[in-house]
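Single-structure report; data block below.
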Amino acid sequence: MNDIDKLTEYFKEFPGIGPRQAKRFVYFLLRKNARYTNELAELIPRVRKQVVTCPDCFRYYVPQGTQTNCAICSASDRQPSTLMIVARDTDLEAVEKSDTYEGNYFVLGGTLPVLEDDIQKYIRLRELEALIAKRQTAGLRELIIALNANPDGDNTARFLKQKRTPLGLIISILGRGLSTGSELEYADSDTIKNALKNRA
Ligand SMILES: [Zn+2]
């Protein structure tokens, strides 16, 4: 495999990128000047080095000073009574940007495919359970499941609902002003606001 093909393979692994687009990325980089490509190449390990995952919510963040949690988990003005479960950081960011939710989050890391038994491979179940136990003593009462409206998202919501029901927590699923198959990440602020209001 030559290096052009190798680089194409790397880009093919990016979410939503097919072989044709991957090749286009390679040629795009070849057209850019050396400063651009050098900066890009240096930035990747630098970002990796700076960014850590929050030990509570598992979102990515850049630690400031002696802070051991992300800014959301360490904020004193967040509502301790609700915990919103999202699949990815980008979903969390979409909800934060809508400025309609004041509780805490948990980033599940993905969704659970239908008929899949190896749960921990797809979602951070153990970590979620540890956080729920910790937050229940701090007044947690409701889990809001905010996953994409597709078969894997629905399957994960069903699984989590079954799993948590005996613990005396309210479990609600984010209402959908979103049509089937639409993604939280791309929902606008009004849609998220309505979905939150219509959770059930
Ligand atoms: Zn956090």
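The values are calculated or read from the model by the stated rules, or taken from the named source; none is laboratory data. Everything numeric here is computed off the predicted structure, so don't read it as measured data. Every residue, glycine among them, receives a Cβ derived from its backbone with ideal geometry; neighbour counts consider all protein chains shown. We work out accessible area using only protein heavy atoms, side chains counted, and drop any ligands, DNA or RNA first. Shrake-Rupley method; radii C 1.70, N 1.55, O 1.52, S 1.80 Å.
Please give the number of the condition ILE72 fails out of (1) surrounded by 13 or more Cβ atoms within 10 Å (Cβ to Cβ); (2) away from the ligand (no atom under 14 Å from the Cβ); (3) free of Cβ contacts under 8 Å to residues at least 40 places away in the same chain.
For ILE72, the exception is condition (2).
Which ones in the stretch 34-69 are among the hydroxyl-bearing types (Ser, Thr, Tyr) and within 13 Å of the ligand (Cβ to nearest atom)? Before the answer, list the steps.
Let us first name the residues in the stretch 34-69 that are among the hydroxyl-bearing types (Ser, Thr, Tyr), namely 36-37, 53, 60-61, 66, 68.
Selection gives THR53, TYR60, TYR61, THR68.
Evaluate the following for SER81: is it away from the ligand (no atom under 12 Å from the Cβ) and either of a type in the set (A, V, I, L, M, F, W, C) or surrounded by fewer than 17 Cβ atoms within 10 Å (Cβ to Cβ) (or both)? Write out each step before concluding.
Values: away from the ligand (no atom under 12 Å from the Cβ): yes; either of a type in the set (A, V, I, L, M, F, W, C) or surrounded by fewer than 17 Cβ atoms within 10 Å (Cβ to Cβ) (or both): yes.
For SER81, the condition - away from the ligand (no atom under 12 Å from the Cβ) and either of a type in the set (A, V, I, L, M, F, W, C) or surrounded by fewer than 17 Cβ atoms within 10 Å (Cβ to Cβ) (or both) - is met.
Residues ALA22, ALA34, ALA41: which one is farther than 30 Å from LEU125 by Cβ and in contact with a Lys or Arg (Cβ under 7 Å, 6 or more places away or on another chain)? Spell out the reasoning first.
Numbers: ALA34 fails: in contact with a Lys or Arg (Cβ under 7 Å, 6 or more places away or on another chain); ALA41 fails: in contact with a Lys or Arg (Cβ under 7 Å, 6 or more places away or on another chain).
Just one listed residue meets the conditions, ALA22.
Give me the residue from the stretch 84-118 that is within 14 Å of the ligand (Cβ to nearest atom) and among the small types (Gly, Ala, Ser) and, out of that set, farthest from ALA130 (Cα to Cα).
Ranking the qualifying residues of the stretch 84-118, first place goes to GLY103.
Looking at THR90, THR53, which is the one that is more than 21 Å from TYR186 (Cα to Cα), of a type in the set (Ser, Thr, Tyr) and open to solvent by less than 100 Å² (accessible area, probe 1.4 Å)? Reasoning before the result, please.
On the way: THR90 fails: more than 21 Å from TYR186 (Cα to Cα).
Just one listed residue meets the conditions, THR53.
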